[in-house]
Amino acid sequence: MTRQLPLALTLRHEPHLEDFVVGRNEAVIDALHRALDGSGERIVFLTGPSDSGRSHLLMGQCSAAQARGLQSAYVPLAQHRDLAPAMLDGLEGLDLIAIDDVQCAAANLPWEQALFALFNRCLDRETRLLFSGDRGPAALPLCLPDLRSRLASGLTLALKPLDDRGRLALLQSVAARHALALPDEVARYVLTRSSRDPGDLIDIVQRLDRASLAEQRRLTIPFVRDLLHQG
Amino acid sequence: MAPNAFVLDWVKKHYLEQMRGYVIDLGQDGALKISLEIGSAPRSAAAAASASPAPGSTLDAEKRAGRLPSLATKPTTNPDFTFGSFVEGKSNQLARAASMQIGDNPGRVYNPLFIYGGVGLGKTHLMHAVGNRILRSNPSAQVLYMHSEGFVAEMVKALQHGTIDNFKRKMRSVNALLIDDVQFFAGKERSQEEFFHTFNALFESQQQIILTSDRFPKEVDGLEDRLKSRFGWGLTVAVEPPDLETRVAILNSKAQQLFDLELPNEVAFFIGKRVRSNVRELEGALRRIVANAHFTGRPITIEFAKEALRDMIAAQDKLVTIDNIQRTVAEYYKIRTSDLLSARRSRTIARPRQVAMTLAKELTNHSLPEIGEAFGGRDHTTVLYATRKIAELRDSDHRVKEDYNNLLRTLSN
């Protein structure tokens with residue numbers, strides 16, 4: 001069979017809360033829904049290691065806000081070098097501000113001051129604030145104790161890592177997004193023979209997708225075994 | 001529409017060319033134009049055409065200017081922060097009493113009132129409570145609450161827009177000016193200059209000024225001396241970290257106010273013992289427990305609270321060990337850790353050792369014999385004596401009290 005060249009296109013996926021693999025994080029999803037409908041906490045801080053889905057949840061929350069006609073902004077502090085603290089000016093007028101990777105602003109005084117000032121401006125408004133960090137406010141190496149205590153005043157929730165059932169669900173969910181049929185036994189095979197890190201699992205499905213398209217083959221255990229052996 | 005100049009520039013830089021390309025592709029012969037400006041789309045339109053979650057979005061027209069609402073129409077104090085909702089304890093009773101007197105008699109008793117203390121201990125609450133009390137007895141009073149950053153931002157905006165005279169007039173025409181966290185004026189000379197004149201004008205006309213800071217006026221770095229000295233003209237009061245009983249009372253009060261919930265006493269004591277740093281963190285812990293209880297439908301018990309706060313407690317336990325306390329105390333007093341463990345009994349060593357033993361008793365679950373053992377094999381009665389001595393000195397010696405609170409704060413964070 002001739003090998004088909006896949007187009008150099010990747011599926012751009014806008015994260016939604018609905019396609020987050022919840023695992024043992026039902027309480028987090030509940031808190032996010034309740035924050036949006038006004039029955040829950042207005043200030044939420046999500047903690048978890050990278051690849052725990054923090055960014056997905058923050059962007060998903062922004063999408064959910066938009067679907068309700070609310071105005072939101074997603075601020076990825078991992079890119080703070082390309083941004084400027086002044087970008088936070090005026091955001092308090094929105095309904096939701098989602099600030100991702102707060103640890104990237106820690107020990108950076110201008111960013112900490114801008115976050116602190118934004119927080120204060122939001123206090124007497126209805127603005128919902130959703131933060132994420134690789135650790136909780138108490139453990140962040142912040143220069144401003146004032147910022148730390150404010151971040152700690154809201155609802156802090158730790159994302160629990162996916163168990164194996166959750167990882168299988170993640171593989172299936174990403175495959176489905178690529179319209180890729182990933183039989184259960186093949187998904188289990190992948191899970192027992194590769195990195196169990198959620199980010200790596202997503203990469204593997206993307207590799208499988210490209211290979212399946214190029215080779216025009218269904219995902220079977222022999223095909224996947226060869227592919228994983230190629231590294 | 002962009003919410004601020006940064007986002008406007010960012011969109012121009014990253015997307016304008018692409019947008020022009022799309023417009024050309026649409027082939028409308030110049031009928032479509034791209035216009036980028038700072039402002040907001042009307043809310044209804046925004047719902048249909050809201051931007052993707054990118055840095056920035058549109059703003060509500062009323063809100064975008066970020067300016068303070070007209071004093072005449074909208075109070076700037078938070079109505080939830082009253083003396084009724086403020087939990088009094090030994091740590092804040094003087095500040096509360098002074099604030100109440102000012103609320104009843106603004107501009108006459110203590111002017112300015114300067115409240116200082118660590119973060120999250122209720123300084124802002126007291127300030128708002130004074131403002132609300134003034135407004136209660138005189139609804140037409142002009143009470144202006146501002147964070148110092150807000151003062152700076154508004155002044156800069158006024159300078160840019162050529163409206164500095166309006167800004168000055170507004171600041172100098174109030175009956176009570178409440179400025180939070182004045183330490184953030186540090187290094188901002190133009191703002192300090194303007195605030196100095198505002199202060200003088202209000203002081204001379206006997207209008208009330210209330211200021212808060214994280215430290216004693218003379219110790220705020222980066223502030224002009226003339227401001228520091230004026231800040232000390234009236235009454236300066238400290239707000240200390242709350243003791244266990246006050247923390248429990250605060251938790252019960254917050255549970256009632258925020259969630260209409262009767263918190264079991266043993267749970268309140270459990271949280272109060274584990275979260276010692278400040279009121280905001282107490283509130284955060286309470287929120288976490290209540291959210292978990294709401295979601296799982298389980299009753300709030302000590303076991304449940306332990307589970308909900310597990311990672312918070314684990315992080316704290318990791319930090320607060322006797323070793324860590326000894327290192328932190330030695331560093332604070334600029335002595336060696338080995339001095340704390342030695343037999344030396346000079347005051348410069350014995351006092352820090354007593355402070356460290358007291359902190360070890362307060363912050364860890366070690367028994368007194370274990371603590372004594374960790375301090376060079378001392379008897380548990382020595383630890384007991386140390387804790388009693390420090391408790392006594394904290395009441396009588398300002399410096400010991402300050403040192404102890406600083407160390408407690410460092411170790412609790």
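The values are calculated or read from the model by the stated rules, or taken from the named source; none is laboratory data. Small disclaimer: the values here were computed from a predicted structure and weren't measured. In this analysis, Cβ positions are derived from the backbone assuming ideal geometry, glycine residues included, and neighbour counts consider all displayed protein chains. In case anyone asks, the SASA skips ligands and DNA or RNA and just uses the protein heavy atoms, side chains included. Shrake-Rupley method; radii C 1.70, N 1.55, O 1.52, S 1.80 Å.
What value, in deg cm²/dmol to 500, does the helix sum -39500 (n - 2.57) over DSSP H runs of n ≥ 4 give at 222 nm once divided by the residues of chain B?
Values: 20 runs with 239 residues, N = 413.
-18000 deg cm²/dmol, from helical runs alone.
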Dipole axis of the protein assembly as shown (+1 Lys, Arg; -1 Asp, Glu on Cβ), positive-most option in B:TYR332, B:ILE115, B:LEU261:
B:TYR332
Rounded to the nearest 0.05, what FRET efficiency is calculated for B:ASN265 and B:ASP317 with R0 set to 22 Å and r the Cβ-Cβ distance?
0.40
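For A:HIS178, A:HIS229, write out the residues from largest to smallest accessible area, computed with a 1.4 angstrom probe and no ligands counted.
Working: A:HIS178 40, A:HIS229 140 Å².
Accessible-area ranking of A:HIS178, A:HIS229, largest first: A:HIS229, A:HIS178.
Largest first, what is the accessible-area ranking of A:TRP111, B:TRP10 with a 1.4 Å probe?
Values: A:TRP111 10, B:TRP10 40 Å².
Listed by decreasing accessible area, they come as B:TRP10, A:TRP111.
With every protein chain kept in place and ligands, DNA and RNA left out, what is the accessible area per residue of the range B:186-262? Probe 1.4 Å, answer in Å².
Details: 3480 Å² over 77 residues.
Normalised by residue count, the accessible surface of the range B:186-262 is 45 Å².
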Looking at the protein assembly as shown, send over the antiparallel percent of its DSSP beta bridges, to the nearest 5.
5 percent
With springs only between Cα atoms under 10 Å, which of B:THR124, B:THR198, B:THR337 fluctuates most in a Gaussian network model of chain B?
B:THR337
Where the accessible area of chain A is counted over protein heavy atoms with a 1.4 Å probe, how much of it, in %, is carbon and sulfur?
52 percent
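R0 = 22 Å: FRET efficiency of B:THR410 with B:LEU384, Cβ-based, nearest 0.05?
Values: r = 24 Å, r/R0 = 1.11.
Using R0 = 22 Å, I get an efficiency of 0.35.
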For helix A:198-215, what angle does its Cα long axis make with the longest principal axis of chain A, in degrees from 0 to 90 and rounded to 10?
40 degrees
Against the longest alpha carbon principal axis of chain B, how many degrees, from 0 to 90 and to the nearest 10, is the axis of helix B:93-104 turned?
40 degrees
Magnitude of the Cβ-charge dipole of the protein assembly as shown, K/R +1 and D/E -1, about the Cα centre, nearest 20 debye?
880 debye
Top of A:GLU126, A:GLU26, A:GLU14 by mean-square fluctuation, Gaussian network on chain A, Cα under 10 Å:
A:GLU14
Cα centre as origin, Lys/Arg/Asp/Glu Cβ charges: the range B:127-198 dipole, Debye
320 debye
Farthest toward positive dipole pole in the protein assembly as shown [+1 Lys/Arg, -1 Asp/Glu at C-beta], among B:THR163, A:SER63, B:ASN105:
B:ASN105
Whichever lysines have a C-alpha closer than 28 Å to that of B:LYS401, once near sequence neighbours (fewer than 8 apart) are set aside
B:LYS90, B:LYS123, B:LYS218, B:LYS228, B:LYS254, B:LYS273, B:LYS318, B:LYS334, B:LYS361, B:LYS389
Treating only the Cα positions of chain B as identical point scatterers, give the base-10 log of I(q)/I(0) from the Debye formula at each q in 0.07, 0.08, 0.12, 0.14 Å⁻¹.
-0.48, -0.62, -1.11, -1.26
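Length gain on complete extension for the stretch B:SER205 to B:THR337, per 0.36 nm per residue less the alpha carbon to alpha carbon distance? Mind showing how you got there, number by number?
Values: separation 132, 0.36 × 132 = 47.52 nm, distance 5.48 nm.
Extending this stretch completely gives an extra 42.0 nm.
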Using each residue's phi in the range B:280-297, evaluate 6.51 cos²θ - 1.76 cosθ + 1.60 at θ = phi - 60° and report the 3J(HN,Hα) Karplus result to the nearest Hz, with x for Gly and Pro.
4, 6, 4, 5, x, 5, 4, 4, 5, 5, 5, 4, 5, 5, 4, 6, 8, x
At a 1.4 Å probe, which residues in the range A:120-145 are at least 10 Å² less accessible with all protein chains present than in their chain isolated?
A:ASN120, A:ASP124, A:ARG125, A:ALA138, A:LEU144, A:PRO145
Contact order relative to length of chain B, as percent, for alpha carbon pairs under 8 angstrom and 6 or more apart
12 percent
About its Cα centre, what dipole magnitude does the range B:86-163 give when the only charges are +1 on Lys and Arg Cβ and -1 on Asp and Glu Cβ, stated in debye to the nearest 20?
160 debye
Per residue, accessible area of the range A:2-158 with a 1.4 Å probe, heavy atoms of protein chains only, in Å², comes to 38 Å²
Output for the range B:244-273: GluC sites (Glu not before Pro) sitting in coil per DSSP, at most 14 other Cβ within 10 Å, listed by number, reads B:GLU262
Could you order B:LYS12, B:LYS318 so the one with the most accessible surface comes first? Probe is 1.4 Å.
B:LYS318, B:LYS12
Given R₀ = 25 Å, FRET efficiency for A:ARG68-B:ARG20 by Cβ-Cβ distance, to 0.05?
0.20
I'd like the interface area for chains A and B: accessible area of each alone minus the complex, both sides summed, 1.4 Å probe, protein heavy atoms only. What is it in Å² to the nearest 100?
3700 Å²
Once the in-chain neighbours fewer than 8 apart are removed, the lysines whose Cα is under 19 Å from B:LYS33 read B:LYS12, B:LYS13
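Of the DSSP beta bridges with both residues in chain B, give the percent that are antiparallel, rounding to the nearest 5.
Values: 1 of 20 bridges.
Here the antiparallel bridges make up roughly 5 percent for chain B.
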Of the residues A:LEU140, A:GLY90, A:GLN113, the Cα lying farthest along the dipole of the range A:52-149 towards its positive end, which is defined by charges on the beta carbon of Lys, Arg, Asp and Glu, belongs to A:LEU140
How large is log10 I(q)/I(0) at q = 0.12 Å⁻¹ when the Debye formula is applied to the Cα atoms of the protein assembly as shown, each weighted equally and without solvent?
-1.35
Fluctuation leader among B:GLU307, B:GLU17, B:GLU149 - chain B, Gaussian network, Cα springs under 10 angstrom
B:GLU17
Label-to-label distance, nm, for residues given as B:LYS157 and A:ILE202 (7 Å Cα→Cβ offset):
3.7 nm
Might you work out the accessible area of B:TYR333 for me, using a 1.4 Å probe with all protein chains in place, and round it to the nearest 10 Å²?
60 Å²
To test your reading of the geometry: what angle, between 0 and 90 degrees and rounded to tens, separates the Cα axis of helix B:322-333 from the longest principal axis of chain B?
80 degrees
